[in-house]
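**Student:** Could you have a look at this structure, given as structure tokens, before my questions?
What follows is calculated from the coordinates using simple rules that are stated; it is not laboratory data. In this text the structure is predicted, and so the values were computed from the model without any measurement. Because the Cβ atoms are built from the backbone with ideal geometry, glycine has one as well, and the counts that use them run over all protein chains shown.
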Amino acid sequence: MQIYLPIADMPVNIFLVLGMGLAVGYISGMFGIGGGFLMTPLLIFIGVSPAVAVASVASHIAASSFSGAINYWNRRALDLALALMLLSAGIIGTATGVWLFTTLRALDQLDLMIGLSYVTLLTIVGGLMIYESVRAVVRARHGLPATIRRPGSHTWLHGLPFKLRFKRSKIYVSAIPVWAIGFIIGFVGAIMGIGGGFLLVPMLIYFLRVPTATVIGTSMVLTLITMASATVMHAATNHLVDAVLALILMVGGVVGAQFGARTGQKMRGERLRLLLGLLVFAVGLRFAYALVVQPDDLYSIRHLGGD
Amino acid sequence: MRRIALTLVIVMLACGAKPAAAERLVVSLSNHRVAITSSFVGEDLVLFGTIEPDAGKTALRSAYDLVVTVTGPRQTLRTRRKQRVLGIWVNVDSREFVRVPSYLAILSNRPVAQITQQDTLRRLQIGLDNFLLPQRIGPDLADTVRDDPFRLAFVRLEIQQALYSEIGSAVTFLTPTVFRTAIPLPADVPTGNYTIDVKLFADGVMVARTNSALEVTKAGFEQYVADAARDHGLLYGLATMLMALLTGWIASVVFKRD
């Protein structure tokens, strides 16, 4: 059944988009991430313009992370103080990202920027995750205990000033790395149309030593707020959010996420991280391939405005 | 208004310049207003017409040729060319096509090159090769040579998207004086006002010309959403955000396990 998207200005098959929402939702529920890094490329692949895809996926991620955050809130497994601290910088990051998005679009370099960000970010993060989880899997094979560094161990990050205490997460860290992480996540989210969960969770664990109990819930709150504000900002500045597309995606997404979460809970942690790492890395390689291989058509058209 | 007046003047001049003209064109469109609703997947509009002798003039000729040019609302577009820079493909060069039709269909009963001479085609802008597609070149606007690579790429991409077309067999003569043609509007047809220009040729000379128009608009819900997104961006964004929160909340209630 075809439905016409009012902002993307094209008809799509409603079941195809719903199926995409379900599939990405399943993966996102399984790994506790938003899944934007999969959804945005999929939408571009079916013909939605990159700009509309990035802007519309933001609201889809807001929906799935809200439903996740409610679950974590009920289980008291999120650190609201830490989330709000990350957020104060995240909003600035998002605003900077939306501004850069608008500027690059005017310069005809938006597609390149989106492509390059995906390649860099996904291959690096994916590679690190594979490396880390393979080591954990190997250690488990040999019967060794997983050597996750003690939460008490200090890095140079802990020597920075403006220290704050986050009770729920039981950490005492400088505000500077917290703000830096928040800014990066907000910025990257607005540019790439991703919630940044797959990026935020490792950063919180490795840099701030946030315990695994609160990390996913906290990440979801942050994702929720940055993506909700990215939706509003994209709608107000670029007029590119397709509400019809977003609604179909979110309905599929929240349903898929519920089933994904059940599968995820049955799997071992390091296996799950390895799978996610491989997935992230594969998407990164796909983008690298598109940038390096000669395109079928060297020419493309962009609309600059009507009469 | 001024453009219509200008077109009328041109039409009158064109007709007036040919005292031999003894024909009149009467055309009718199946639908003057195409509404894009949520189930729109494209549409073929049917244009019917007859060739009538002017009162008291000579009898009709035996063979006619007909060219229908459908022009969509004007748009400015940029055609970009990728080139390999440091191993990756980057948009390096671009040309701006200023106020060119967002939709252009040239429908005729046989290929336009067979209907009349090249200079006539050029003067009347018949065919994709002869239609004026002005590019911004420095401070000036001008159409380039026909084999300009950007112009070729632009026309090729528009044809691929089914927005530009030149069909040399689209007009059918049902009788020697009654004709019909189908105007193919693709699913992503641009909204706005379209002009339909019908030209009648006999022995390579234009003998009559008439105009019609059609409008493509978003209707109902589609229009409501598109208008809201354009005119009330902030409110629209807030509403979309609330919709997302509501969807997320409903899911967490429906799928509550413990």
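**Student:** Could you give the alpha-carbon Rg of the range A:105-146 over 2.2 N^0.38 Å, rounded to two decimals? If you can, show how the numbers build up before the last one.
**Tutor:** Values: Rg = 17.5 Å, N = 42, 2.2 N^0.38 = 9.1 Å.
For the range A:105-146, the normalised Cα radius of gyration comes out at 1.92.
**Student:** Identify, among A:LEU5, A:GLY29, B:SER102, the residue whose Cα sits farthest towards the positive end of the charge dipole of the protein assembly as shown, taking +1 on the Cβ of Lys and Arg and -1 on the Cβ of Asp and Glu, with the dipole about the Cα centre.
**Tutor:** Projecting each Cα onto the dipole axis, the largest value belongs to A:GLY29.
**Student:** Can you give the charge dipole size of the range A:2-292 about its Cα centre, rounded to the nearest 20 debye, using +1 on the beta carbon of Lys and Arg and -1 on the beta carbon of Asp and Glu? Could you put the intermediate results ahead of the total?
**Tutor:** Working: 20 positive and 7 negative charges, 334 e Å.
Roughly 1600 debye, rounded to the nearest 20.
**Student:** Treating only the Cβ atoms of Lys and Arg (+1) and Asp and Glu (-1) as charged, compute the dipole magnitude of the range B:81-224 about its Cα centre; round to the nearest 20 debye.
**Tutor:** Values: 16 positive and 15 negative charges, 30 e Å.
Dipole size: approximately 140 debye.
**Student:** Would you mind putting A:226-233, A:203-210, B:114-121, A:98-105 in packing order, based on average other-beta-carbon counts within 10 Å, highest first? Provide the component values of the computation, followed by the final result.
**Tutor:** On the way: A:226-233: 28.1, A:203-210: 20.5, B:114-121: 15.0, A:98-105: 17.5.
Packing order, densest peptide first, comes out as A:226-233, A:203-210, A:98-105, B:114-121.
**Student:** Which Rg and Dmax, in Å, describe the Cα atoms of the protein assembly as shown?
**Tutor:** Rg then Dmax for the protein assembly as shown, in Å: 29.5, 106.
**Student:** Run the dipole for the protein assembly as shown about the Cα centre, Lys and Arg Cβ at +1, Asp and Glu Cβ at -1, nothing else charged, and hand back the magnitude in debye, nearest 20.
**Tutor:** Working: 50 positive and 34 negative charges, 544 e Å.
For the protein assembly as shown, the charge dipole is close to 2620 debye.
**Student:** Next question. Below 8 Å, C-alpha to C-alpha, sequence gap of six or more: please give me the relative contact order for the range A:167-268 in percent.
**Tutor:** 23
**Student:** In what sequence, highest mean first, do A:76-89, A:166-179, A:15-28 appear when ranked by Cβ atoms within 10 angstrom? Numbers along the way, then the final one.
**Tutor:** Values: A:76-89: 20.1, A:166-179: 17.5, A:15-28: 21.8.
Highest to lowest by the protection proxy: A:15-28, A:76-89, A:166-179.
**Student:** Okay, next question. Can you list residues whose amide H is under 5 Å from A:VAL173's amide H, if they're 5+ apart or on another chain and H is modeled 1.01 Å from N?
**Tutor:** Long-range HN contacts for A:VAL173: A:LEU164, A:PHE166.
**Student:** Can you work out D for chain B in µm² s⁻¹ from Stokes-Einstein, where Rh is the Kirkwood radius over C-alpha pairs, the temperature is 25 °C and the viscosity is 0.890 mPa s? Intermediate results must be reported in sequence, preceding the final value.
**Tutor:** On the way: Rh = 21.4 Å.
Rounded to a whole number, D works out at 115 µm²/s.
**Student:** Put +1 on the Cβ of every Lys and Arg and -1 on every Asp and Glu Cβ in the range B:128-257; which of B:VAL207, B:LEU152, B:LEU238 then has its Cα farthest towards the positive end of the dipole?
**Tutor:** So the residue we want is B:LEU238.
**Student:** Moving to a separate point now. Below 15 angstrom from the Cβ of A:LEU274, what's the summed charge of the other residues (Lys, Arg +1; Asp, Glu -1)?
**Tutor:** Working: positive: A:ARG135, A:ARG139, A:ARG141, A:ARG268, A:ARG271, A:ARG273; negative: A:GLU132, A:GLU270.
Net charge around A:LEU274: +4.
**Student:** Take every residue in peptide B:152-160, count the Cβ atoms of other chains within 10 Å of its Cβ, and give the average of those counts. Intermediate results must be reported in sequence, preceding the final value.
**Tutor:** Values: counts 1, 5, 2, 0, 2, 4, 1, 0, 2.
Mean partner-chain Cβ count within 10 Å for B:152-160: 2.
**Student:** So for the protein assembly as shown, taking the charge dipole from beta-carbon charges (+1 Lys/Arg, -1 Asp/Glu), which of A:ILE181, A:SER59, A:VAL210 sits furthest toward the positive end?
**Tutor:** Result: A:VAL210.
**Student:** Further question: Taking the 0 to 90 degree range and rounding to the nearest ten, how far is the long axis of helix B:233-254 tilted relative to the main principal axis of chain B, both from C-alpha atoms?
**Tutor:** With both axes taken from Cα atoms, the answer is about 50 degrees.
**Student:** Quick check: net charge around A:VAL134, other residues with Cβ under 13 Å of its Cβ, Lys/Arg +1 and Asp/Glu -1? Could you put the intermediate results ahead of the total?
**Tutor:** Values: positive: A:ARG135, A:ARG139, A:ARG141, A:ARG271, A:ARG273; negative: A:GLU132, A:GLU270.
Value of the local net charge: +3.
**Student:** Whose amide H sits under 5 Å from the amide H of B:LEU104, counting only residues 5 or more places off or on another chain, with H placed in the peptide plane?
**Tutor:** Amide H neighbours of B:LEU104: B:GLY72, B:TYR164, B:SER165.
**Student:** Looking only at other chains, what is the average number of their beta-carbon atoms within 10 angstrom of each beta-carbon in B:80-93? Please list the in-between numbers first.
**Tutor:** Values: counts 8, 4, 8, 1, 3, 1, 0, 2, 9, 10, 7, 10, 2, 3.
Partner Cβ neighbours, averaged per residue: 5.
**Student:** Within 10 Å of each Cβ of B:225-235, how many other protein chain Cβ atoms are there on average? Could you put the intermediate results ahead of the total?
**Tutor:** Values: counts 6, 6, 1, 5, 9, 2, 1, 3, 10, 5, 3.
Rounded to a whole number, the mean comes out at 5.
**Student:** Determine the sum of side-chain charges near B:ASN91: Lys and Arg each +1, Asp and Glu each -1, restricted to other residues whose C-beta is under 14 angstrom from that of B:ASN91.
**Tutor:** Values: positive: A:ARG105, A:ARG302, B:ARG78, B:ARG80, B:ARG81, B:LYS82, B:ARG84, B:ARG95; negative: A:ASP108, A:ASP111, A:ASP297, B:ASP93, B:GLU96.
Its environment carries a net charge of +3.
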